[in-house]
Every structure is written in structure tokens, then in C-alpha cells.
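*Asks:* Here it is, the structure, as C-alpha cells.
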Amino acid sequence: MAHMNLLVAATILAYALASGCYVAAMISKKAGIGRLGRWLLFAGVVVHAAGFAVRHSAAEGLPVTSLHESLSFFAWCLVLLFLLLDLRFRLSVMGAFAAPAALVLMIFSLLSPDVVVPVNPVLRTWLFPIHITFAFLGNAAFALSFGAGVMYLVQDRMLRSKRFNRLYQMLPSIDILDRVNYTCLSIGFPLMTVGIISGAVWANIAWGSYWSWDPKETWALVTWFLYAGLLHGRLTIGWRGRRAAVFSIIAFAFLLFTFIGVSLLFDGYHSFDAFTLLSQLSW
Amino acid sequence: MNIVVVGLSHKTAPVEVREKIAFKAELMEAHLRRLLSLPAVAEGMIVSTCNRVELYAVSRTPQQAGEQLQQFLATSHGFVLSELQEHIYCHVGAQAVRHVLRVCASLDSMVVGEPQILGQIKSAYSDAGEFGSAGLILNRFMHKAFSVAKRVRTETAIASNAVSVSFAAVELARKIFDSLEGKTVMLVGAGEMCELAAKHFVRYGVTKVLVTNRTYSRAEKLAESFGGTAVNFDNFREQLHRVDILLSSTGSPDYVISAADLKAACKLRRYKPMFLIDIAVPRDVDPAANKLDSVYLYDVDDLQGIVQSNLKERQKEALKAEEIIAGEVDQFLNWMTSLTVKPTIVALRRQLEDIRSKELEKTLGNLGALEPRQRKALEAMSRAMINKILHHPTSVLKQTGDEDRACYIDAVQQLFNLSPEAVPADDQPDDDS
């Protein structure tokens, strides 16, 4: 499928160029290069979506059944959400985080075996794409909240220690970074919630049980509670700033483990031994 | 033609001298008229600010012009030249061009990168334009200087960071709150620096100003000048939670605001960030407050430190600016030297000759086989046309007087899109005749 590879190559090229632009814009402080990066990233996300469409028609279903496809789909979610966030907050600095992250995900995706796993027709219900899409978009939102949290801590540290380096000028105000952190959290949490619930309903259809304490399920629940706690702290106790940033970083570490670690370390129906064709699906 | 600069600045003359040499703005017309009446000066303008007094002139005989300008500077203010000689500098040619470009780009300012000087020179130039003392060369020169100044500002970070304590505070606030719109500032005690900073904050969108002072009437007076509210000193701490930015400069020997006060305020304002600027010595705010999660506390040394490092940063950027200016000086001098008759005529001839030979070739190609005699006739005719066309313009260019010559040359160059090769300055016999 030469045209498909071509789309993948174009996507990676666009993400790579966008990463270069964002980093260059950060170093040279020229806004024009950042805008170019935004357009390249936009082009990348469109081409990437086209790639999924082609694959979708080939696989007859949302093509997220192997690690290869998962990473690629996650990269797409990340870029899409970043571009939406960028519309609101004009965060070209964050582009220097989001674009390279998407690029790295795409490269890892290429390195993992590309197999189209035949999905058992019993499992191929309308809930499958919903479960996958919501869970991935939620993860992408949390990844961006992690990025904003890291930037917050860096900026906060400089303001507090009164020692400034080049980053000080480039990073937005801590007020903006805190708002981005919160926005991502408030987008990510409902997405993740729908992802988990739809997964449970789907599991009931497929296996006749809503919840079976599969490692992925357990860890996802732990992560969900962490984010629920953070959201609660923000809304009722007035957590914000440094505390919220640290919390969102810790929660993301759990999320990362749930997303990748669990699938690689444990057996279960979310594991990525999909390429052995034994298991029918993965996250 | 040459650019000549004569003047004195904060670098060469103390304020006692500068204030006596300043040209009064109301009398500018008369000054400019007298400047133009100097025999060696063709065009001129006068820049007079509190940090520098400078005369810019265009002259055919720069040496004489320099001397006359120095005399003019001294006698205009009742001095004898010898009294001022040690303070006055006189630049000619490349040096003069470079000097003016550096001044406009604020490289020669007391605070490198400060923007006022450009505005002052612009208004001096508009006076010169109004009273007719600027001509082709000065016009082109000043436009060059303004565009170079703009280039320096956009291509280097020479003016990007605050170099005053009060403005450094505003910049910090914008890294904490992003927008100052709708924020509340509280002034504790009255100090000049606090007032200045508060004015900056108000200009950047702060809407609410609270003022407190041990003497309530002073607080009231100051509050009035900001359209703010006076707060009783005994219970101003109860208002702390409403304050986003606090400026403190009391004469108190002890801390006026404790970390515990701020901790309580933070809780009440649900940990929204607070920015405290403590300009007082001894300090007013317990330094332990900086450890609170949502409090950013800066004392006067912190702000001075920022200003110092920004100044160093500007010095570095100034080096980049010097490079930009060096290139622009060359460019402008090239244009000046191209304003001579001979190279212009040569370029004009070359241009028409190019057209002639190309068109002739085309025509000959279309006509097919011709006898050598016919061919020669066509060539002779086209050549004669060029000569006839060029005859009158050439003689006009050669015969115009000194004042108008540059204008004519420039017009010819623009009309025919010529870029004559620059001729070294000592190789322009027909220009000095």
C-alpha cells in the first residue's frame, strides 16, 4: 500500500518540520517561524487523518489494534488538541513540546511492527471506536496538561529564585500556564470518564462482565481517581499554581504507566501481544 | 557632498555646559535660518535635547563647514569657541553618518536603547522640513537613520528589557498575571519609586488602587491622584486578600507585613498569586513570605539585580546593532558618492546603449540578409538617435549649479533605474568644478 506509506511519510515530515519551526521560534524569538510551525502542524494533522481514513477502509474499523496504530493515533489526538488549545491561548512555546512529542510517537509507531489485526466480529460494535477515541483524546489532554505543568514549574522556579535564563522570556506568564493546565484537565477528565464507561459497557457486551480487574482497568481506575482528586482540589479547595502543576505531573506519570507500561508488562486483553495474533485487540 | 556633524553630548560635556548650549524650540526658525546662511552649509538641522546638542549639515566643503558650525554653536549662546572646544566633537563623512545612525538607534544614549531620542530627532527633522533647511541629501539621510533605528529595534533585543526598577516591576507582574487588566494594587507608605511604579501599573491596565499610610491624610491625597481609595493603616492587613500587587515603602524599622498575615490572605483569596514589591530599606515584608506557594516577593536588591542584568544584556545587543549600522553606513555612502555627474552619465549611456544594441539585433534578425552597407546605415542611425537624445540632458547635468545638481542626478537615476558604480571620493574631478 504505497499511498499509505506516502501519507505516513508526509505526516512525519510535517511533524518534524513543525518541531523544527517551534524550536527555532523559541530560540530566535521570531513569531513568524512559530506561525509557520502552526501551519505545518495543521497540514500534518490533516494528512495524518487522511492516513487513518485510508487505513480505516482497509481494516473495516477504527485502525487502533496494535501498538503501531495506537501510538500513531495518540500522536494525532495530541496534535489535534494542541492546535485547538493554541487557538484559544496562542501557545507557540508549547508547540515546542507538543510537536516533538508527536514526532517521537510517530517514530516509535514506525519502529513497532505494523500489522492489521483482524478484529473478532463480535467485538466490532459501535462502542469500540468510542472507547478508543475518548480514551485517547483524554490521554492527549492530560499530556498537554503535563506539558503546561512542567512549564509552570520552570517559570515559577525562575520567578521565585530571581534567577532568570532565556526560558523566562519565552515562557508565558504563570497565570496563562495555570489556566492551560486547568483547561486541559477539565477537557481530559470527562473524555477519560466516557472512555472508561464506554469500555466497561463494551466489555459487558463482549464478555458479559462490566469490570474484570484486568491490570489496565485497575490502573486506569487509579489514574482516574488521581485526576478526579485534582479536579476536586481545584474546584472546591482552590488548589492552583505549583501544587496543581506538581499533581498533574504525578498523575500523568500514572497515566503513562497505564497507557504503555501495563500493556507491555502485564497480560490481559489490553496487552500489546496483538502482533502474535493471539489476542484480538489492544488499547 | 558630505555630511558634517558638530555637537556635544552627555559623554563630552557636563550638564552645566549642555544647559547653556541648548537651542530654544521657540526660536528654532531663526536658528535654522542662521545655520543655512553659513557659507559652507547647503542643508542643515539642529537637534537639541537635555543630553545632546548637535548640528547636522550637508556641505560641499566639509572642512570649512565643520569650523563654521563650531563657531555657530559657540556664538549662538554667547561663548567664545575656545571655551567650548574641549567638549565639542566634529565628524565628517563616514564618521558623521555612523554617528547619526548610532544616535538614532539609541546606541549613544545615556541608557542604551531608550526610545526617546528617536522621537526628539524626528521632531528636529520636522522643524528642518518646515523651515526649509532640509534638502535632498538630508532628507534621504534622516529617512535612512530612522529606518536603521527601526531595524535595530526589531532585529536586536536592545530595548526589550526593563532598565528601571519601576518598569522591571511591571514586567515581572506581566509574567505572573499576564494581563494587569482589572487587577488591584495597594501602596503601603509613600515613596517616590512606589508612586512611579503604581503609575506604570495603572498605565498597563490596573484599575483599582488602594493606598495606606500612617498619616491618613497623606494616604487620602495620594489615593485621590490615582482615583483610588485610602485605607486606614491600622487595619490595612484585613484588605490584603483583595490585593494582587502590593508596593511597600514605609520607613518602619520592623516588618510591617508578616508571613502569617500573607498566609491568611492567600487562603482567603484561594491561592491566587500575589506579587509583593518591597522597596523599603529596612524591609517591610517578612522575607519568609516568598516561601508561600502563591506569593512572589521582590525586594529592592532583587529588582536592582534584574535591572543590572538587563543592562548587560543591552550591551551585548548593542554589539549586534553596531554591525547592522556598519553595513548601513556603507550603503548610504555608496548612494552619496553615486550622486556625481560622470558616473551617472556613464550609466545612462550604458543603459541606452544596451537597449539600442538589443533592439538592433532583433530588427536585423527579422530583416534577414542585408547588404553590409544597409546594415551600417541602420547602426549609424540608431547611434545618432541615442546621441541626440542624450545631448541635452547631459549638458543640463553638467551645467546645473551646486544646489540643484544632486536633485537632477537623483532624478535621472530614479527615472532610468540606474545604479552607477560608486566612485572613490578623491576621483570626482567634474563634481568639484
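Bear in mind these aren't lab numbers, they're just calculated from the coordinates by the rules spelled out. The model shown is predicted, which means the values in this text are computed figures rather than measured ones. Cβ placement follows ideal geometry from the backbone for every residue including glycine, while neighbour counts extend to all protein chains displayed.
*Asks:* Set the Förster radius R0 to 30 Å, insert the Cβ-Cβ distance between B:Asp234 and B:Ala260 as r into 1/(1 + (r/R0)^6), and round the FRET efficiency to 0.05.
*Replies:* According to the calculation, E is roughly 0.95.
*Asks:* Collect residues whose amide H, placed 1.01 Å from N in the peptide plane, falls under 5 Å from the amide H of B:Gly7; neighbours closer than 5 in sequence don't count.
*Replies:* B:Leu55, B:Tyr89
*Asks:* Using just the helices of chain A, give the 222 nm mean residue ellipticity in deg cm²/dmol: DSSP H runs with n ≥ 4 each add -39,500 (n - 2.57), and the total is spread over all residues, rounded to 500.
*Replies:* -26000 deg cm²/dmol
*Asks:* Sorted from fewest to most neighbouring beta carbons within 10 Å, what does the list A:His232, A:His68 look like?
*Replies:* So the ranking, lowest neighbour count to highest, is A:His232, A:His68.
*Asks:* Quick one: work out Rg over Rh on the C-alpha atoms of region A:1-111, Rh as Kirkwood radius.
*Replies:* Reported Rg/Rh (Cα atoms, Kirkwood Rh): 1.00.
*Asks:* Let me ask something else about it. Treat each spin label as a single point 7 Å out from the Cα along the C-beta direction, and report the B:Leu268 to B:Leu196 distance in nm.
*Replies:* Simple spin-label model gives 3.2 nm for this pair.
*Asks:* Continuing with the same structure: For region B:157-269, what is the convex hull volume of its Cα atoms per residue in Å³?
*Replies:* In region B:157-269, the Cα convex hull volume per residue is 112 Å³.
*Asks:* Send over the semi-axes of the protein assembly as shown's equivalent ellipsoid, whole angstrom and largest first, taken as the square roots of 5 times the C-alpha gyration tensor eigenvalues.
*Replies:* For the protein assembly as shown, the ellipsoid semi-axes come out as 65, 46, 16 Å.
*Asks:* Then there's this: Evaluated at 25 °C with a viscosity of 0.890 mPa s, what Stokes-Einstein diffusion coefficient in µm²/s does region B:105-189 have when Rh comes from the Kirkwood expression over alpha-carbon pairs?
*Replies:* Result for D is 156 µm²/s.
*Asks:* Further question: Among DSSP beta bridges lying fully in chain B, give the percent that are antiparallel, nearest 5.
*Replies:* 45 percent
*Asks:* Give me a single rounded figure for B:172-179: the average over its residues of other chain Cβ atoms within 10 Å of their Cβ.
*Replies:* 5
*Asks:* What Kirkwood radius, in Å to one decimal, follows from the Cα pairs of chain A?
*Replies:* After inverting the pairwise mean of 1/r, the radius is 19.5 Å.
*Asks:* Residue by residue through region B:238-251, which ³J(HN,Hα) values in whole Hz follow from phi under the Karplus form 6.51 cos²θ - 1.76 cosθ + 1.60 (θ = phi - 60°), with glycine and proline marked x?
*Replies:* 5, 9, 3, 5, 7, 9, 8, 10, 10, 10, 10, 7, 8, x
*Asks:* Here's a follow-up. As I understand it, the dipole of chain B uses +1 on the Cβ of Lys and Arg and -1 on the Cβ of Asp and Glu, about the Cα centre. Which of B:Val80, B:Asn290, B:Ala384 lies farthest toward its positive end?
*Replies:* Value: B:Ala384.
*Asks:* Also, I was wondering about something else. As an exercise, take the mean of 1/r over every pair of distinct alpha carbons in region B:70-211, invert it, and state the Kirkwood radius in angstroms.
*Replies:* About 18.7 Å, per the Kirkwood formula over Cα pairs.
*Asks:* How high is the FRET efficiency from B:Asn387 to B:Arg174, r the C-beta distance, R0 51 Å, rounded to 0.05?
*Replies:* Using R0 = 51 Å, I get an efficiency of 0.15.
*Asks:* Given a cut-off of under 8 Å on Cα pairs at least six residues apart, what relative contact order in percent is computed for region B:180-247?
*Replies:* Rounded, it is 40 percent for region B:180-247.
*Asks:* Another question, if that's okay. Are any of the pairs B:Lys208/B:Lys272; B:Lys122/B:Lys150; B:Lys11/B:Lys199; B:Lys221/B:Lys267 more than 22 Å apart by Cα-Cα distance, and if so, which?
*Replies:* Those over the limit are B:Lys11/B:Lys199; B:Lys221/B:Lys267.
*Asks:* How long, wide and thick is region A:115-265, going by the Cα atoms along their three principal axes, in whole angstroms, largest first?
*Replies:* That gives 60, 38, 26 Å along the principal axes, largest extent first.
*Asks:* A follow-up question, please. Per residue and in Å³, how big is the convex hull formed by the alpha-carbon atoms of chain B?
*Replies:* Output value, Cα hull per residue: 211 Å³.
*Asks:* Let me ask another. Taking DSSP loops as anything outside H, G, I, E and B, show the longest stretch in chain B free of GluC sites (Glu not before Pro) there with at most 11 other beta carbons within 10 Å.
*Replies:* Answer from the scan: B:182-420.
*Asks:* How large is Rg over Rh for region B:19-120, taking Rg from the Cα atoms and Rh as the Kirkwood inverse mean of 1/r across Cα pairs?
*Replies:* 0.94
*Asks:* For the pair B:Gln71 and B:Glu379, how long in nm is the line joining their label points, each one 7 Å along Cα→Cβ?
*Replies:* 6.0 nm
*Asks:* If you don't mind, there's one more thing I want to ask. Return the average number of partner chain Cβ atoms within 10 angstrom of each residue Cβ along peptide B:79-85.
*Replies:* For peptide B:79-85, the averaged partner shielding equals 0.
*Asks:* Oh, and also: As a test of the formula, what do you get for chain B when each DSSP H run with n ≥ 4 contributes -39,500 (n - 2.57) and the sum is divided by the residue count, at 222 nm and rounded to the nearest 500 deg cm²/dmol?
*Replies:* Result for chain B, helices only: -18000 deg cm²/dmol.
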